[in-house]
Structure formats: structure tokens, C-alpha cells
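> Input: one structure, supplied below.
The values are calculated or read from the model by the stated rules, or taken from the named source; none is laboratory data. Note that the structure is predicted; figures quoted are calculated from it, not measured. No Cβ is skipped: glycine too gets one built from the backbone with ideal geometry, and neighbour counts run over all protein chains shown.
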Amino acid sequence: MLRSVHRTTSAARIAQLAKRYSSYASSVFPDEPSVPQLKTEVPGPIGTQLNTNLGDVFDNRAAYFVTDYYNSIGNYISDADGNKLLDVYMQIASIGLGYNNPALKQVAKLDEMTTALINRPALACFPGVDYQKVLEDGILKAAPPGMTKVWTATTGSDANETAFKAAFMLQAARDRGSRDFNQQELISVMNNEAPGASEKCILSFDKAFHGRLFGSLSTTRSKAIHKLDIPAFPWPKAPFPALKYPLKDFENENKQEENRCLEQLEDIIVGKGKGNIAALIVEPVQSEGGDNHASASFFQGVRDITLKHNIFMIVDEVQTGVAATGKFWAHEHWNLSTPPDMVTFSKKFQAAGFYFRDPELQPRQAYRQFNTWCGDPSKALIARTIVQEIEANNLVAATASVGDYLFNNLSSLFEKYPGHASNIRGQNMGTFIAWDSPNADHRAKFLLACRAKGVNIGGCGEAAIRLRPSLAFNESHADVLCGIIENVLGEM
Amino acid sequence: MSICEKYFPREPSAPVVSSSSTGEASKAEIKTLDKTFDSRAAYFVADYQKSEGNYIADVDGNLYLDVYAQIASIPLGYNNPELIKTAKSDKMIRAIVDRPAMGNFPGADLKEITLKLLEFAPKGQDKLWSGLSGADAVELAFKAVFFWYQSKKRGYAKPFTAEENESVMKNQAPGSPELAILSFERSFHGRLFASGSTTCSKPIHKMDLPSFKWPKAQYPSYKYPLEEHKEENKREDERCLKIVEDIFSTWKCPIAGLLIEPIQSEGGDNHGSAEFFQGLRDITIKHGALLIMDEVQTGVGATGTFWCHEHFNLSPPPDLVTFSKKFQSAGYFFHDPELVPDFAYRQFNTWCGDPARMILAGAIGDEIVKHDLAAKAQEVGDYLFKKLESLQSKYPKYLQNLRGKNRATFIAWDLPSGDARNKFLSDMRAAGVNIGGCAEASVRLRPTLVFEQKHADILVAAIEKVLGSY
Ligand SMILES: Cc1ncc(COP(=O)(O)O)c(C=O)c1O
Ligand SMILES: Cc1ncc(COP(=O)(O)O)c(C=O)c1O
């Protein structure tokens, strides 16, 4: 376990650390611009031309702009025209250490990386001599409290689906007891029918996002466009609390809202889902669905209900994980009495997969949780460096501290523009901060105006704006960000 | 000098298996790894830095001739110098260090990288979408098929109805429609939930997972040698095509796509004739469904053509062709512009592939074309097949249904039982060859594309030695 990463840190200590470590960006990215550098519109003529050409071979309708990764640095993303934007979206929350991080460059050049890339093993059959150590020094070193095992995958969706598989297999094994598969199961499964094919389900929450393959998409409930025309499993969903902000003004209402959701959750479990729910999956902060938060006591309630009904609790930390919330894993904020059963990761960790506690979540028979590659050692090497950089530079505490600074500054800023930005949320959650525009059009205008002034920023949900900066984001970046937001709001 | 000698001047000339070694170092490492990472499927612990060309090294100092090659996924041998160059290039370093969310922030070089991959696209295909593994590739292809199918009904780029928008959030029709993918018994297409629903090779792959109730047709079971059973095998094709036709006409929901491997690999290296595949092509067209060729295992040179289905000369070509494994990058090729979904953010995810893997795939394709490695695989495959045929006449019991003639090194045969097969595989390892099985009692060869006659000789000698001892 990585003590220094998980250690809870007092406020005074955070302030002290922040001073000491706020220089992470300045020390590793001495050439990072101090403000956005704009030469043309974004995208400019070169980028627009490149994007048009790209459209011949790639569905580029979601492209913000064509990016020059060679010239991106630290918190600044460069477009093809040489404009450098402060990036608080960071490849949909998946760049942890800033662009062109020297520690990552170093590991990318190692022979260890070369061999991992070009001799990619079928890991479960022919693991390489160093994989155990690479896991131990990286992915496992950052394991959430209580977790000692990991299964590796390739994307967020894949991570969640392999976790679902573990849940289904163990639930069935428990129902089956000590006996082996019977003839009826062996035959029916080949026809995709019960009892061999499970009729159990995964329960998720309204507005959740857990990925877009068929199992994960069946648990995703964020937007219709994510799901339309794709066959889905008839799995249940429970309501997720819709909290009112500022939290301190709505303590009672919010408590009631969370209780309502917990009650409905339990109703579903004992009602139409009775005996049929293998696992529940939940994000610590529903990210794609609009940055919806809930309190630690809500999540403790979820944990209690899942334990009571023998349902596995999967915490999806694909977007929240790896220090952005001021803890290495966001669910550490909850101090659950019993840790979750599985925690999934991807994005900022670059490697994907899930951690777990109960050794039985590794299926009783070999070759059940299995595929050709079972992960990717080259990504495990990157994850190792990410863990080491976070630890050596205390980036968890630094992110907690800069997040507090940013939250306070944005809060006072938004007081001046009440019609334009409401429901700021993510207090004490590092830089994992969001707020709402009055509507989707306003949001679109706001995002474009920010881009025009040199900030790359993303939306989520219907009308929310979310911040997903890197872990190298410090107070000076926060000042630039707030300055530009103020400018934009002033002009809207 | 052969290509292999050029690439690998230091490749061992023969396997090295220490007779005293009982694999203690591997056993110890597997035990440690297993504490945190399920290692029960491990054959041995490999030392990749010491592996070279067609030889894989383990931690006990053994060097095996590898004709399994990471479940058919090492194309150009271990530590190929050209791939080392690619891995150390600035382009690669950049791709590893700053992995983009490609759909939102494509790099300036994405077009170039994509065009390079498209140089190796199967005949008739000129577009691609990228994923990360075989199962991912297959499921992304399903999504494209379902989007296409519904947009044919609705009209391409026509808006969704309110009812669709509402029902989909409850995972109910019409927004989440009831549609099926038709696959085949004994097929293998991956192990996530939708790919797993089409996989039908072994119960252990599927047990206890929820699955879509999708239909399965029958894949031909031929009699070997093919030359001696032409009539029977033709009738077998007809029987199987009839079943497909019947399922299309009677299945309880529309079938949007038909998914098939050119050679069913995990399911036992089962082959189908060009006529059979053309028959499938015709049926899918007749019923307005798409044909997906799963070339995850057969693709990238191993059958003597870059893509195995090119042997069939299908007309028109398949609608989607999935790839992964030896190409190192995964995804699907296609050509119909309407297989690009009608709205943005439908075929989408965080990374939408991995430029690092795409760059590697480009380099792999370049080497294969430059050195004509698919044709060379065909030559060495022919050579090997003849040698195996003569061994077969000596040991008919242990080399049943020898198959894969004219499919380069994609060769397989059956042993009398699962136990006999497993014993054979482990005896082969003791004789210095790492070799894999498939289905219940089959042995399959999946060497690299730099497997040459001298390697074939070593392989055949090892087989002969093992069978001679039975
Ligand atoms: C919480 C969460 N889970 C899963 C995913 C899916 O990850 P991927 O896009 O890598 O499949 C995402 C992606 O945004 C996510 O935010
Ligand atoms: C034909 C075929 N399709 C799909 C797959 C699944 O690939 P992966 O294991 O990378 O998910 C395989 C793997 O063996 C395969 O052989």
C-alpha cells in the first residue's frame, strides 16, 4: 500500500505542501507558457484544413480541433496552428501528468518499454518475467485501501465489463455451492439460455455512465444518443440524488433526497430485482451525466444495502480515479466501513482494469476471466511512472490544495454572475469541480468563448461545465483560468 | 540470406531445453504473480528480452521454438529489429506519452497513420474504425451494424422519435431494439457480453454470464483429405447454407448481421469452402443483413494472403472485417459510407483506439509487404504440409484430419482424445517446441511470418520424435 499517497493530510499540512509542491509544473515544464498563446482563431486555417482532410478517413465530427502533440506542454495543449490553450479537459480527463511529461518520455524510451510494445504477451498464458514487479511497483502500489488484487484490461468499458463478469461468476458459484457445472447448465449455456446463461443483472443509477460496449452500455443511463439502436439487457436503474447547492443551505432537503434514493434502491432490490442482482455499479461523482455528487453517508448507505442483500458493490473510478479529487481514489473520501468489492480504473491511469478484495472474485476455474492479451504491459509501465511521480511530488495533496483555492475563487467569481453559473460543486474534491450553465445553448457559447480566449474546457450532462485539469495544475493556472472565465462571463 | 536471418542474425539454431530443468523458476514466479494476478493459465514465465525471432525464452533458461506465438499474435518474431526502430521513434514516444482522446482531439498525424493502415485493408475496404482488442473490435463492429440497420429503417440522419428517446433510457424497445447477430456453432468471437453471446465454442467461455438470445447456425464439418470427399463436403455446405437461410426466415427478431470466422480457430480450426462463403454473402444480401468477417486470428498473412477471406474472392466483398492480434492494433475495416453512424458521438469512447498500436500495425504491414511475407508463409506452409502428410501416413492415429492445405502455416490436426492432445502438447514442450491446442482434441500451428523451412524441419523432427515415442 502506498502510505504517502493515501495518508489523510491536515489542512495546515496541505497548505504547507502546496507551497513546496506547487512548483511541480514549473520544475518539470520550465518552458510551459504562463498564459495562453493565440496566433489565430481556434481552430485556425491549418487545423481546419487538416481536419477537413482527416474527414476522408476518420469520423471527425466530434473533433474540437486538430492537435499538435509535439508542441503541447504541461497544462497547455497546442493546436495545429501553434495556438497554445490552457487545457482543463485533458483528453476527457485522461492525461494525469501534463503533456510531454519528461518522466513519461523517459520510460517511453526504456528498453523495458520497447520490449513491452513489440513483444506483447498473451499475459495470462506467458507472463513476462517482470510483470509481477511492474504491477507491484505501480498499479498495485496505488491499490485502494483493502484491495490486494488486480485484473488488467484495455479501456474503461472493458474494465467495467470484466468486473461485471467477475460478479456474475461468483454469484453463480455461490448459488451452485460446491458442485460442479451440471449437464443442464453445460448444454443451455451454448444456446445462450438459462440456467447456464445467467438471468441476473447489474444495477446502475440514473444518469450513470459506465461505457459503451453492450454490457457496460446497458448500465449507462446518461444520454439517449449514447444508447440508441443498440440492443440492451433489461437491467434496473435506481435514482441518483439530485442535490441542491450550496450544500450548506440545503442540508435537510439533501438528506431527504438521499434517503429517498436509498429507499428506492432498496425497494428495487427487494422488489422486482429480488435475488436477481449480481452487482451494483456506481461512480463516486457521476461525470458524463453532469458531475452529480452525493454525500459520504449516501455511499455508506449504498454499501450497507449491498452488503445486506449480498450484492457486489463496484465503484467505477474510471474518471474520478488517480488523484484528481484530492485523494488517490475518490471513494476514499467516504471512509466506508467495508471497502467496495471492486474498483475499476482507466483514463488517467492509462492502464485499465479492476481491483478487488475477495480472492473468490477470481473465478474458481482458470480460463474464465480470460482473453488474448489480458491487459497491456506497456500501459502498466506508464501507470508505474504515474504512481511514482504522484508519490514523489505529493500530487494528491497538491491537487487537494489547488482544488480548494480554485473552488473558493470560482465561488466568489460566480456570485458576481448569478444568472450565468450556478450550482458550483466539488468542494473538497480537488480540482473535480463543475457548475451549471442556465441551458445547453448558453453552455455551448460559454465553452466556445473560453476556447477563443485560450482555454480548452469540456461540458457534461445537459448544461454542466466540468473541470478536469491535470495533476500538474497549480495556483497560477487557476488564476489564468479564473481570469478568462471572468472575462467570458463579463461579455455574455 | 533469408528474411529471418537478416532480421535475426542471433536467432538460435535449435531449441534448448535443459533436461535437468523442471521449470522451478517459472513455477516460483507464477506462484508470486498469482497472489495479485490470476496466473493459473500460465504455461511458463517468459523472458522477452532474451527471446529472439521464432524462439521464446523462459526464466529457466529454456529456448523454445514458438509455433503458438502469443495465441497467434506475434507477427514478425520476438524483438524484430524493424519494430524496435518503430518503438524507439519520436512518433511512438509521442504516442505513448500523450495518448489522445482521438475522437475529440485527433493529432495532426492521425490521417497519415490511418492511411498507412488502410494500405493493408482487405480488397474492397477503404475505411476503418479502431478499438483495443479482438472482443472490442467485434463489438464495435456490431454497433456499426445495428446503427446501420436501424438507420436503413428510419432513414439515414432522420431524427429519433420521442418514444425511442424515452424507451432507450429504460433499455426497452423501440429505442433499445430487439435485433440479433447470427453466428455459428463452434465459433469464437471474444468474451465480453455481446461478443460472448456470439461465441459458441466451449461452455467455460460463457458459463454464468448473461447473454443475448441470438441464433447459431452450423459451420461445415468436412471430411479430410478434401480431394477424396468432394461430394460429401459439397452436400455439407448445402446443408449448412440451408440452415442459415432458415434462421433468417424464421428467427423471432430481425437479424442485422452475420458474423463468421474464415477459419474457426478456437473452435477447432474448422474450414469452409469459397462456395460456402459466397453462399453466405448471397443470403445476407438477400435478407438485408451485413456480413462481418472476423479476421482477428486469421488475418495478417498467416494463411498466405494478407486477409484469409481473400482466398474466397467474395463478390461483393464483406461489409465489415474485424482485426486484432497479429496486427497489434484492433478494429474493423468497412467501405459503405453509411456504416459511419449518421450522427456524431454514436460510435465513440474515450480513446477510440491507440495511436501507439496503430503506428506499430503500420510498421508490421510495411514489413509484410516489403518482404512478401504472406507469399513466403504460403511457400513454407506448403512445404510443412507435405512433410506432415508423410508423417500422417506413419502415425495416422495422431495426425487425424490434417487441414489447412493452401492456407500457409495455418495448419491443424486432431488427436484421438483431449488427454492425448494435452500429453502431446506437453511432450512437444519437453522436445523444445511451444505449441497450442484448440477445441477438444486439436493441435493448431500459429507460427510467426518469419517461420521458414529450417524451422519447419525442426518442428517436424520434434513431432516425429514425440510420436515415435508413443
Ligand atoms: C465513469 C466512467 N466509466 C467508464 C467510462 C468508459 O471508458 P472508455 O471510454 O475508456 O470505454 C467512462 C468514460 O468516460 C467513464 O467516465
Ligand atoms: C476469431 C477471434 N475473434 C475474436 C477474438 C477475441 O479477441 P480478444 O481475445 O483480443 O478479445 C479471438 C481471440 O482468440 C478470435 O480468435
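For (1) more than 25 Å from the chain's Cα centre (by Cα); (2) within 9 Å of chain A (Cβ to nearest Cβ), each residue gets a yes or a no:
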| site | (1), (2) |
| --- | --- |
| B:Pro177 | yes, yes |
| B:His189 | no, no |
| B:Met207 | no, yes |
| B:Lys230 | yes, no |
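> Further question: Would you confirm whether any residue within the range B:339-346 is in a helix (DSSP H, G or I), within 14 Å of chain A (Cβ to nearest Cβ) and surrounded by fewer than 22 Cβ atoms within 10 Å (Cβ to Cβ)?
yes
> Next question, about the same structure. Could you grab me the full set of residues in the range A:84-134 that are touching a strand residue (DSSP E or B) at 6+ places or on another chain (Cβ under 9 Å), within 7 Å of chain B (Cβ to nearest Cβ) and under 24 Å from B:Asn434 (Cβ atoms)?
Residues satisfying the conditions are A:Thr115, A:Ile118, A:Asn119, A:Pro121, A:Cys125, A:Phe126, A:Pro127, A:Gly128, A:Val129.
> Can I ask one more? How many residues, within the range A:244-274, are away from every other protein chain (no Cβ under 14 Å) and closer than 15 Å to A:Phe205 by Cα? First the steps, then the outcome.
Pass one, the range A:244-274, residues away from every other protein chain (no Cβ under 14 Å): A:244-267, A:269-271, A:274.
Those still in the list that are closer than 15 Å to A:Phe205 by Cα too: A:257-267, A:269.
Residues meeting the conditions: 12.
> Right, something else. Residue check: is A:His210 touching a helix residue (DSSP H, G or I) at 6+ places or on another chain (Cβ under 6 Å), more than 16 Å from ligand 2 (Cβ to nearest atom), on the phi < 0 side of the Ramachandran plot and in the same structural domain as A:Gly275 (by TED's automatic domain parsing)?
yes
> Scanning for something exposed (fewer than 15 other Cβ atoms within 10 Å of the Cβ) and either over 14 Å from the mean Cα position of the chain (by Cα) or within 14 Å of chain A (Cβ to nearest Cβ) (or both), does the range B:254-273 turn up at least one residue? Give the derivation first.
We begin by selecting, within the range B:254-273, every residue exposed (fewer than 15 other Cβ atoms within 10 Å of the Cβ); these are none.
The answer is no, given that none of the residues of the range B:254-273 is exposed (fewer than 15 other Cβ atoms within 10 Å of the Cβ) and either over 14 Å from the mean Cα position of the chain (by Cα) or within 14 Å of chain A (Cβ to nearest Cβ) (or both).
> Could you check the range B:351-470 for strands (runs of 3 or more DSSP E) lying wholly inside it with 1 or more residues that are of a type in the set (Val, Ile, Thr)?
B:442-444
> Hey, does the range B:41-50 have a residue that's closer than 23 Å to B:Phe410 by Cβ and more than 7 Å from chain A (Cβ to nearest Cβ)?
no
> Report, by residue number, each residue of the range A:91-130 that is buried (at least 24 other Cβ atoms within 10 Å of the Cβ), within 16 Å of ligand 1 (Cβ to nearest atom) and assigned to a loop (DSSP other than H, G, I, E, B).
Listed by number, the residues that qualify are A:Ile95, A:Gly96.
> Mind checking which residues of the range B:277-298 are within 16 Å of ligand 2 (Cβ to nearest atom) and in contact with a Ser or Thr (Cβ under 8 Å, 6 or more places away or on another chain)?
Scanning the range B:277-298 gives B:Leu291, B:Ile292, B:Met293, B:Asp294, B:Glu295, B:Val296, B:Gln297, B:Thr298.
> Sticking with this one: With the structure loaded, tell me whether A:Phe354 is within 16 Å of ligand 1 (Cβ to nearest atom), buried (at least 24 other Cβ atoms within 10 Å of the Cβ), within 14 Å of chain B (Cβ to nearest Cβ) and more than 26 Å from B:Leu360 (Cβ to Cβ) or whether it fails that test.
So A:Phe354 passes the test.
> Sticking with this structure for a sec: Please enumerate the residues belonging to the range A:188-198 that are more than 7 Å from chain B (Cβ to nearest Cβ) and either among the hydroxyl-bearing types (Ser, Thr, Tyr) or touching a Pro at 6+ places or on another chain (Cβ under 7 Å) (or both).
Across the range A:188-198, the qualifying residue is only A:Ser188.
> Still on this structure, I have one more. Residues in the range B:142-164: is at least one part of a strand (DSSP E or B) and either surrounded by 24 or more Cβ atoms within 10 Å (Cβ to Cβ) or more than 7 Å from chain A (Cβ to nearest Cβ) (or both)?
Within the range B:142-164, not a single residue is part of a strand (DSSP E or B) and either surrounded by 24 or more Cβ atoms within 10 Å (Cβ to Cβ) or more than 7 Å from chain A (Cβ to nearest Cβ) (or both).
> May I ask you to list pairs of residues, at least six apart or on different chains, whose Cβ atoms are under 7 Å apart, with the first in the range B:249-271 being more than 16 Å from ligand 1 (Cβ to nearest atom) and the second being aromatic (Phe, Trp, Tyr) and modelled with pLDDT under 95?
Listed by first residue and then by second, the contacts come to nothing, as the list is empty.
> Going by what's in this entry, would B:Leu83 be described as touching a residue at least 24 places away in the same chain (Cβ under 8 Å), of a type outside the set (D, E, K, R) and facing another protein chain (nearest Cβ under 8 Å)?
Taking the combined requirement at face value, the residue satisfies it.
> Inspect the range B:110-125 for any residue being within 16 Å of ligand 2 (Cβ to nearest atom), modelled with pLDDT of 95 or more and among the hydroxyl-bearing types (Ser, Thr, Tyr) and give the result as yes or no.
No, the conditions are met nowhere in the range B:110-125.
> Could you please let me know if A:Ala398 is more than 14 Å from chain B (Cβ to nearest Cβ), of a type in the set (A, V, I, L, M, F, W, C), assigned to a helix (DSSP H, G or I) and touching a Phe, Trp or Tyr at 6+ places or on another chain (Cβ under 6 Å)?
Numbers: more than 14 Å from chain B (Cβ to nearest Cβ): yes; of a type in the set (A, V, I, L, M, F, W, C): yes; assigned to a helix (DSSP H, G or I): yes; touching a Phe, Trp or Tyr at 6+ places or on another chain (Cβ under 6 Å): yes.
In short, yes.
> Out of the residues in the range B:245-276 that are hydrophobic (A, V, I, L, M, F, W, C) and within 15 Å of ligand 2 (Cβ to nearest atom), which is nearest to B:Tyr68 (Cα to Cα)?
Ranking the qualifying residues of the range B:245-276, first place goes to B:Ile263.
> For the range B:253-300, what are the residues that are in contact with a helix residue (DSSP H, G or I) (Cβ under 7 Å, 6 or more places away or on another chain) and either acidic (Asp, Glu) or not assigned by TED's automatic domain parsing to the domain that holds B:Ala330 (or both)?
Within the range B:253-300, B:Glu275, B:Asp294, B:Glu295 qualify.
> Is it the case that some residue within the range B:289-300 is assigned to a loop (DSSP other than H, G, I, E, B), within 12 Å of chain A (Cβ to nearest Cβ) and either farther than 28 Å from A:Phe209 by Cβ or more than 16 Å from ligand 1 (Cβ to nearest atom) (or both)?
yes
> All but one of (1) β-branched (Val, Ile, Thr); (2) touching a helix residue (DSSP H, G or I) at 6+ places or on another chain (Cβ under 7 Å); (3) facing another protein chain (nearest Cβ under 7 Å) hold for A:Ile202; state the number of the condition that does not hold.
Against the list (1) β-branched (Val, Ile, Thr); (2) touching a helix residue (DSSP H, G or I) at 6+ places or on another chain (Cβ under 7 Å); (3) facing another protein chain (nearest Cβ under 7 Å), A:Ile202 comes up short only on (3).
> Give the number of residues within the range A:270-307 that are in a loop (DSSP other than H, G, I, E, B) and more than 14 Å from ligand 1 (Cβ to nearest atom).
8
> Take the residues in the range B:133-183 that are out of contact with any Lys or Arg (no Cβ under 9 Å at 6 or more places or on another chain) and of a type in the set (Phe, Trp, Tyr), then tell me which one is nearest to ligand 2 (Cβ to nearest atom).
B:Phe142
> Can B:Asp237 be described as farther than 20 Å from B:Ile181 by Cβ and within 14 Å of chain A (Cβ to nearest Cβ)? Can you show your working first?
Details: farther than 20 Å from B:Ile181 by Cβ: yes; within 14 Å of chain A (Cβ to nearest Cβ): no.
It is false that B:Asp237 is farther than 20 Å from B:Ile181 by Cβ and within 14 Å of chain A (Cβ to nearest Cβ).
> Determine whether A:Ala63 is within 24 Å of A:Leu481 (Cβ to Cβ), aliphatic (A, V, I, L, M) and within 9 Å of chain B (Cβ to nearest Cβ).
Considered against the rule, which asks whether it is within 24 Å of A:Leu481 (Cβ to Cβ), aliphatic (A, V, I, L, M) and within 9 Å of chain B (Cβ to nearest Cβ), A:Ala63 comes out as yes.
> Being within 19 Å of A:Leu262 (Cα to Cα), more than 14 Å from chain B (Cβ to nearest Cβ) and more than 12 Å from ligand 1 (Cβ to nearest atom) is the filter here, so list the residues in the range A:308-323 that pass it.
Narrowing the range A:308-323 to residues within 19 Å of A:Leu262 (Cα to Cα): A:308-316.
Subsequent filtering for residues that are more than 14 Å from chain B (Cβ to nearest Cβ) retains A:308-311, A:313-315.
The answer is A:Lys308, A:His309, A:Asn310, A:Ile311, A:Met313.
> Moving to a separate point now. Condition first: more than 14 Å from chain A (Cβ to nearest Cβ) and either closer than 23 Å to B:Leu76 by Cα or away from ligand 2 (no atom under 16 Å from the Cβ) (or both). Can you find one or more residues in the range B:324-338 that meet it?
Let us first name the residues in the range B:324-338 that are more than 14 Å from chain A (Cβ to nearest Cβ), namely none.
Within the range B:324-338, not a single residue is more than 14 Å from chain A (Cβ to nearest Cβ) and either closer than 23 Å to B:Leu76 by Cα or away from ligand 2 (no atom under 16 Å from the Cβ) (or both).
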